[in-house]
1. Would you confirm whether any residue within the stretch 49-57 is among the aromatic types (F, W, Y) and closer than 19 Å to E172 by Cβ?
2. Looking at K94 and the list (1) within 26 Å of S182 (Cα to Cα); (2) at pLDDT 95 or above; (3) not in a helix (DSSP H, G or I); (4) not β-branched (V, I, T), which single condition is not satisfied?
3. From the list L180, L150, pick out the single residue that is within 22 Å of I70 (Cβ to Cβ), under 23 Å from the mean Cα position of the chain (by Cα) and at pLDDT 95 or above.
4. Name the single residue that is surrounded by the fewest Cβ atoms within 10 Å (Cβ to Cβ) among those in the stretch 97-123 being of a type in the set (S, T, Y) and within 19 Å of R181 (Cα to Cα).
5. Taking the criterion of being under 25 Å from E39 (Cα atoms) and among the hydroxyl-bearing types (S, T, Y), would at least one residue in the stretch 139-155 satisfy it?
6. Would you check which residues across the stretch 131-157 are more than 23 Å from Y101 (Cα to Cα) and surrounded by 12 or more Cβ atoms within 10 Å (Cβ to Cβ) and list them?
7. Considering only the stretch 48-70, how many residues are assigned to a loop (DSSP other than H, G, I, E, B) and either touching a residue at least 40 places away in the same chain (Cβ under 8 Å) or closer than 20 Å to I108 by Cβ (or both)?
8. Only one residue in I95, I103 is among the hydrophobic types (A, V, I, L, M, F, W, C) and without any contact (Cβ under 8 Å) to a residue 12 or more places away in the chain. Which one?
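The values are calculated or read from the model by the stated rules, or taken from the named source; none is laboratory data. Because the structure is predicted, anything quoted here is derived from the model rather than measured. Here Cβ is always computed from backbone atoms with ideal geometry, including for glycine, and neighbour counts include all displayed protein chains.
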Amino acid sequence: MISYFKHFTYLVLIPIFISVHMSAQEETTTFGSDSIIQEYYLGFNLIPNAGGGLVNFALVKPLAGGKRKIILITQDDFVYQAKGKTKSLANPYKIDYFKKYNITNLSILDNLWKLRYTEFPYKTTGKAEKGWSQNIEFDYLPTAEQMEMLKKFGIEHLRDYFYGENAFRLLEAIQNPQWLRSYKEAY
C-alpha cells in the first residue's frame, strides 16, 4: 500500500503540483499581444534631475484626480521603447512612434532643454550654447507666450510631463522650422 501511494505521488501528484506552480509563474500576456491594456505612456518633462540631466524621461500612468504615477527611465530606454524595440508597458503593441509621428532626427531629444533655457545652464569651458527660451528676466523659464505654445501639448505647468501623443506631437513640432521659429519669437 505504501509503495502504491509513493508511486502515485511521484507519477501523478508531483507533476500536478509542478504544473500548477509553473502556470502560476507564467506571464499571461506576451510582448505585442492584442490582449494588453495600455496603462502607461512614454513621456518627458523639462525639470533638471539629480544626475545632472535637464530632462526626465519616464513612463507615465494617468490616475484619478489628475495625478500620475511616474517611472523614470533613461533617454536610451525611451528611444528603444518608442521604437518598439524592447518590451514596454507604454508600448505593448511595438509601434514605432518616431515613424508614426514622422520624427526623423532623434537628436532633438538632446535639445529638449532648449525649450526651457535661454542658454545651457551648466558652466562649460567653451562658448555657451543658446537655448530657445527668450525669457530675459528668468533665463531658466520659457516666456509666458512660449508656455502658451507648450500648453497645446498637454501641460499646464513646466513641471508637468508631456506624454503619450502630446509628447510625440511636440517632438514632431520641434523638427518643423516654422514652429521652432514661432517658438523662438514668442516673447
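1. In the first step, residues of the stretch 49-57 are kept if they are among the aromatic types (F, W, Y); the result is 57.
Keeping just the survivors that are closer than 19 Å to E172 by Cβ gives 57.
For the stretch 49-57, residues among the aromatic types (F, W, Y) and closer than 19 Å to E172 by Cβ: present.
2. (1)
3. Numbers: L180 fails: within 22 Å of I70 (Cβ to Cβ).
None of the other options fit; the residue is L150.
4. To start, the set of residues in the stretch 97-123 that are of a type in the set (S, T, Y) comprises 97, 101, 104, 107, 117-118, 122.
Narrowing the set further to residues that are within 19 Å of R181 (Cα to Cα) leaves 104, 107, 117-118.
On the way: T104: 10, S107: 6, Y117: 22, T118: 20.
Step by step, filter the stretch 97-123, then rank; the result is S107.
5. Initially, the stretch 139-155 is screened for residues under 25 Å from E39 (Cα atoms), giving 150-155.
Within this subset, residues satisfying the condition of being among the hydroxyl-bearing types (S, T, Y) are none.
No; the residues of the stretch 139-155 include none that is under 25 Å from E39 (Cα atoms) and among the hydroxyl-bearing types (S, T, Y).
6. Hits for the stretch 131-157 are G131, S133, Q134, N135, D139, Y140, L141, P142, T143, E145.
7. Here is the first cut: in the stretch 48-70, the ones assigned to a loop (DSSP other than H, G, I, E, B) are 48-55, 63, 67.
Checking which are either touching a residue at least 40 places away in the same chain (Cβ under 8 Å) or closer than 20 Å to I108 by Cβ (or both) leaves us with 48-49, 52-55.
The total comes to 6.
8. Numbers: I103 fails: without any contact (Cβ under 8 Å) to a residue 12 or more places away in the chain.
Matching residue, one of I95, I103: I95.
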